[in-house]
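Participant: First, the structure itself, so that you have it in front of you.
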Amino acid sequence: VGLHNCGFWRPKSLLDTARFTLSFKSRHRKKHQDSQALWKHETVQKYLETLSKEYQQVSHLLNADSISDFEQRTLRRRCAELSPIAAAFQEIKEAEREVQELEAMCRELDSRDEKQLLELAVEEKETLDKKINMLCRKLFQLLVPKEKDDRSHAILEVTAGRTTGGDICQQFTKEMFEMYQNYADYKRWTFDIVNYTPAEIGGLHHATAHISGDDVYRHLKYEGGTHRVQRIPETGLSSRMQRIHTGTMSVIVLPQPEEVDVKVDPKDLRIDTFRAKGAGGQHVNKTDSAVRIVHLPTGLAVECQQERSQQLNKEIALRTLRAKLYQQITEKQLSQEQSARKLQLGTRAQSERIRTYNFTQDRVTDHRISYDARNIKEILSGKEALDKLINRLLEFAEIEAITEYLENLQALEGGGC
C-alpha cells in the first residue's frame, strides 16, 4: 500500500502496473538517454522522495500494534517492494555527498606541494561517478515493470534478404547467425539449431534456433528487425572496381515460455516430411526425417530438421508453432490495448531497418539509439562488444519507460485528484 497525496491508500504505484511499448523514436527525450541525466531530473527526484517517505511510513506502520493481520501482510508486501528502491536512492545520495566533499577539497588543493593529493582526489571522484551511474541503472531497473516474457527462452529466426549482386545477403545472414550462436556461448546459454537452409555458394538462406538460458528473451528482444550490410564483395567485378553493395537480412525473436498454453487442433495442421538439407549427420539426405508443419487457419509454417528422428522433429516443430501462435495472440492483445501507438520494433514488429553494418567504414550503427560502434569483427564475434551494444539498448529502453511514466504522472498531477 502507499499513502497517496490525496490522502487515501492505494494498492501500489502506477509504475508497478503500467505496461510500456517503447518507441525508440523520442528524439526530444535525448537528454534522458543517460542514467545520471535522468536521475537529476526534478520530477524523478520528487517521485523518488515520495517513494522513500512512503517506505518510512510503511515501516513505521508495521511496528504498530493496532493493524490487522490482513493490513500487516499488505504492508509487508509493499515494504518488500519499496525497500530496494529506498536503499538504492539513499546510496546514490550518499555517493553524491562524497563527490561534493571531494570537489570542495579539490578546489583547495591547487598548490604544487599538494599535486599528488589532488590526483588521488580526482581518481576517487571518477570511481564515485562510475558507482553513481551503476546505482542509477540499478534503480531504474527496479522501477521499470518487467515484461512477463523477459525470463523466457527464445526462438531466433534469420532470413536472407533479396538484393542485386547475389550472395552478399546470404553471406551476411550466415555471419549474423554465427554471431548469435557465439553470443549464446558467451552468455552460457544453450543454442539448438532447429532448421538450417544453406545457400549454394557458402551463405545461408534461412535458419532457426531455440535458445535457452537465463533472461534470453530480455537480451535478444531488440535484435528483431531488418539488419543492413554495406560492403565490397570479395570476388567479381565489384571487388575489382571497389563498388559497395548493400544487402539486408531479417531477424525474428520470439519468446518461448516453458509452458505455452495454446491449443492446436490436429485437423488444422498439414504435416509434410522431406530430407534434411543442413550439415551435421549421416542421416542428411538419406531419410525423410525433416518435418514441415503448416497451420492452415493462419498460414504459419515451421520446419525442423535438427534430429535424426522424424517424431522428435515433429515435436520440436509443434513447440515452435505454438510459440508463434502465442506471439500472434500477444501482438493482438497489445495492439488492442495500445492501438494509438506503433508497436515496438524488435519485440513486436519485424519490418523496419534497425541496424547497419558498414564494412568499408568498420562501423556498426544502431539507428534506434543513434549509437555507433567501431570494429565490426568484434561485434560479429558475438562477445563483449555485442553484449555492450545490447546493454545500451536495454538501458535506453528502461530510461524511455521511466521518462514516459513520469510524463504521464505529471499530466495526472496537473489535472488534480
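Participant: What are the ³J(HN,Hα) couplings of the range 148-154, residue after residue, when phi is run through the Karplus curve with 6.51, -1.76, 1.60 and θ = phi - 60°? Round to Hz, x for glycine and proline.
Facilitator: The phi angles translate into 5, 9, 4, 8, 6, 5, 9 Hz.
Participant: To continue, here is another question. Of the cross-linked pairs Lys324/Lys377; Lys146/Lys314; Lys221/Lys263; Lys138/Lys187; Lys53/Lys146, which ones have a Cα-Cα span greater than 27 Å in the structure shown? Provide the component values of the computation, followed by the final result.
Facilitator: Numbers: Lys324/Lys377 32 Å; Lys146/Lys314 33 Å; Lys221/Lys263 25 Å; Lys138/Lys187 20 Å; Lys53/Lys146 24 Å.
Check vs 27 Å cut-off fails for Lys324/Lys377; Lys146/Lys314.
Participant: For Lys40 and Lys388, what is the calculated FRET efficiency with R₀ set at 22 Å and r taken between the beta-carbons, to the nearest 0.05? Could the numbers behind the result be given before it?
Facilitator: Details: r = 24 Å, r/R0 = 1.10.
Once the sixth-power term is evaluated, E becomes 0.35.
Participant: Only loop residues by DSSP count here, and only those with at most 12 other Cβ atoms within 10 Å; note down the GluC sites (Glu not before Pro) in the range 174-239 that meet that.
Facilitator: Values: sites: Glu175, Glu178, Glu200, Glu223, Glu234; in loops: Glu200, Glu234.
In loop regions of the range 174-239 (DSSP not H, G, I, E or B), the sparsely surrounded GluC sites (Glu not before Pro) are Glu200, Glu234.
Participant: Hey, got a sec? Which GluC sites (Glu not before Pro) in the range 52-116 land in a DSSP loop and have at most 15 other Cβ atoms within 10 Å?
Facilitator: Working: sites: Glu54, Glu71, Glu81, Glu91, Glu94, Glu96, Glu98, Glu101, Glu103, Glu108, Glu114; in loops: none.
Counting only loop positions with at most 15 other Cβ atoms within 10 Å, none of the GluC sites (Glu not before Pro) in the range 52-116 qualifies.
Participant: Tell me the Rg and the Dmax, in Å, that the Cα atoms of the range 35-143 produce.
Facilitator: 19.0, 66
Participant: Rounded to whole Hz and in sequence order, give me ³J(HN,Hα) for the range 307-318 from the Karplus expression 6.51 cos²θ - 1.76 cosθ + 1.60, θ = phi - 60°, writing x for Gly and Pro.
Facilitator: Once rounded to whole Hz, the list reads 9, 6, 7, 4, 5, 5, 4, 5, 5, 5, 4, 5.
Participant: Along Cα→Cβ, 7 Å out, is where each label goes; now give me the distance between the ones at Thr197 and Arg97 in nm to one decimal.
Facilitator: Spacing of the two 7 Å Cα→Cβ label points: 6.4 nm.
Participant: Heavy atoms only, 1.4 Å probe, whole protein assembly: order His60, His205 by accessible area, highest first. Before the final figure, lay out the partial values.
Facilitator: Numbers: His60 135, His205 80 Å².
Solvent-accessible surface, decreasing: His60, His205.
Participant: Okay, moving on. Which three numbers, in whole Å and largest first, are the semi-axes of the equivalent ellipsoid of the range 117-161 derived from its Cα gyration tensor as √(5λ)?
Facilitator: Working: eigenvalues 315, 63, 10 Å².
Over the Cα atoms of the range 117-161, the semi-axes work out to 40, 18, 7 Å.
The values are calculated or read from the model by the stated rules, or taken from the named source; none is laboratory data. Everything numeric in this text was worked out from a predicted model, so none of it was measured. Counting neighbours? That spans all protein chains shown, and the Cβs are built from the backbone with ideal geometry, glycine included. Accessible surface areas use protein heavy atoms only, side chains included; no ligands, DNA or RNA. Shrake-Rupley method; radii C 1.70, N 1.55, O 1.52, S 1.80 Å.
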